[in-house]
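**Q** My questions will all concern the structure given below.
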Amino acid sequence: MTSSPATSSRTGLWLPALALWKREIVRFLRQKNRIIGALATPLVFWLLIGSGVGPGFRLPGLPADMTYLAYFFPGTVVLILLFTAIFSTISIIEDRREGFLQGVLVAPVAPEAIVLGKFLGGMTLAAGQGFVFCLAAPLAGLPLDFSVVARLVPALLLAGFGLVGLGFLIAWPLDSTQGFHAIMNVFLMPLWLLSGSLFPAAPDSWMRFAVMANPVAYATAAVRRAFYGDAAGFGALPDYGTAMFASGLFALLMFALSVWMVRRRRGAA
């Protein structure tokens with residue numbers, strides 16, 4: 001059963017998208033353990049790894065007075081974004097199991113609205129939790145004035161939007177949350193480790209090319225530049241504009257591929 005384009009267009013884009021966005025937010029607020037898990041795990045990572053490496057952290061190309069807790073802080077923010085955005089898309093599998101997704105697919109709603117609602121919901125959760133963690137930036141010696149916040153918020157939103165799209169593409173064809181977790185464990189951590197969050201890649205190593213091809217690395221660069229600005233020396237780290245442009249292209253690609261997958265599933269329904 002499919003809906004005609006004319007019928008779908010009558011419902012508009014934003015009304016169903018905002019309804020799905022609201023559903024994601026309400027579901028999240030009813031699951032308090034997700035809030036603790038998304039914030040507590042990266043916080044423990046930051047404190048344990050940052051404190052352990054701290055005294056011996058000296059790398060060429062980085063500001064001389066930078067501690068490892070300060071270097072690792074933007075990477076921890078991206079870890080929160082990554083975990084929250086990707087795992088918010090588990091709701092796709094749960095919605096399919098409960099029959100809600102099938103109802104949405106046969107409703108007179110444009111595929112773009114379905115995808116946009118899911119993306120906005122996950123992006124709000126990821127960027128919101130990432131920003132809450134950023135309030136601790138002064139503890140790491142990082143600035144948090146108006147200019148930093150003005151660069152940080154767009155970086156968090158754009159990175160969250162793209163990462164939700166990555167999770168959407170993986171979750172959409174799956175029927176099992178266990179399978180989703182298995183793929184994520186193999187896929188997520190290497191993406192984060194190769195993003196420059198833990199340490200910068202050497203300019204003449206193969207890892208440098210892997211980092212340049214990794215979309216999470218541009219999210220990390222955007223968050224890091226939001227704190228330090230483009231004038232700070234970080235070796236070959238992209239400037240804020242380049243990182244935001246690359247993150248925007250990745251987000252658009254994820255959205256387009258997600259809409260294509262929903263159209264394909266609706267055509268087969």
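The values are calculated or read from the model by the stated rules, or taken from the named source; none is laboratory data. Bear in mind the structure is a predicted one, so any value in this text is a computation, not a measurement. In this analysis, Cβ positions are derived from the backbone assuming ideal geometry, glycine residues included, and neighbour counts consider all displayed protein chains. Surface areas here come from the heavy atoms of the whole protein model, side chains and all, with no ligands, DNA or RNA. Shrake-Rupley method; radii C 1.70, N 1.55, O 1.52, S 1.80 Å.
**Q** Which value, in Å² and to the nearest 10, is the accessible area of T177 when all protein chains are kept and the probe is 1.4 Å?
**A** 20
**Q** Could I ask something else about it? For the stretch 138-212, what are Rg and Dmax over the alpha carbons, in angstrom?
**A** 16.4, 45
**Q** Let me ask something else. For the stretch 127-269, list log₁₀ I(q)/I(0) at each q in 0.15, 0.16 Å⁻¹, using the Debye formula over Cα point scatterers of equal strength and ignoring solvent, two decimals each.
**A** -0.84, -0.93
**Q** Moving to a separate point now. With an 8 Å Cα cut-off and a minimum separation of 6 or more residues, compute the relative contact order for the chain in percent.
**A** It comes to 26 percent, rounded to a whole number.
**Q** Using the Cα centre as the reference, give the magnitude of the dipole from point charges on the C-beta atoms of the chain (Lys, Arg: +1; Asp, Glu: -1; all else neutral), rounded to the nearest 20 debye.
**A** 720
**Q** Another question about this same structure. Using heavy-atom solvent-accessible surface (probe 1.4 Å) with all chains present, what is the largest-first order of S147, S197?
**A** Details: S147 55, S197 0 Å².
Largest accessible area first, the residues go S147, S197.
**Q** Hey, what number do you get for the chain at 222 nm if only DSSP H runs of n ≥ 4 count, each worth -39500 (n - 2.57), divided across all residues, to the nearest 500?
**A** Per the formula, -24500 deg cm²/dmol.
**Q** If you roll a 1.4 Å probe over the stretch 191-261 with all protein chains in place, what percent of the accessible area is carbon or sulfur?
**A** About 76 percent, which is the carbon plus sulfur part of the accessible surface.
**Q** Could I ask something else about it? Suppose R0 equals 41 Å. What FRET efficiency, 1/(1 + (r/R0)^6) with r the Cβ-Cβ distance, do D204 and A256 give to the nearest 0.05?
**A** In this case the efficiency is close to 0.70.
**Q** For the chain, list the DSSP H helices whose alpha carbon atoms reach 18 Å or more along the long axis and whose average Kyte-Doolittle value is 0.0 or above?
**A** On the way: long enough: 14-29 (22 Å, 0.66); 32-53 (32 Å, 1.20); 68-88 (29 Å, 1.93); 111-134 (34 Å, 1.14); 146-171 (37 Å, 2.12); 177-193 (23 Å, 1.03); 215-228 (20 Å, 0.45); 240-268 (42 Å, 0.79).
Result, helices passing both filters: 14-29, 32-53, 68-88, 111-134, 146-171, 177-193, 215-228, 240-268.
**Q** Moving on to the next point. Calculate, for the stretch 149-221, the solvent-accessible area per residue in square angstrom, rolling a 1.4 angstrom probe over the heavy atoms of the protein chains.
**A** In whole numbers, the stretch 149-221 has 42 Å² accessible per residue.
**Q** If the stretch 74-150 were replaced by its equivalent ellipsoid, with semi-axes equal to the square roots of 5 times the Cα gyration tensor eigenvalues, what would those be, largest first, whole Å?
**A** 34, 13, 7
**Q** Taking H placed 1.01 Å from N in the peptide plane, check which residues at least 5 places from M66 or on another chain put their amide H under 5 Å from its amide H.
**A** So M66 has HN proximity to no qualifying residue.
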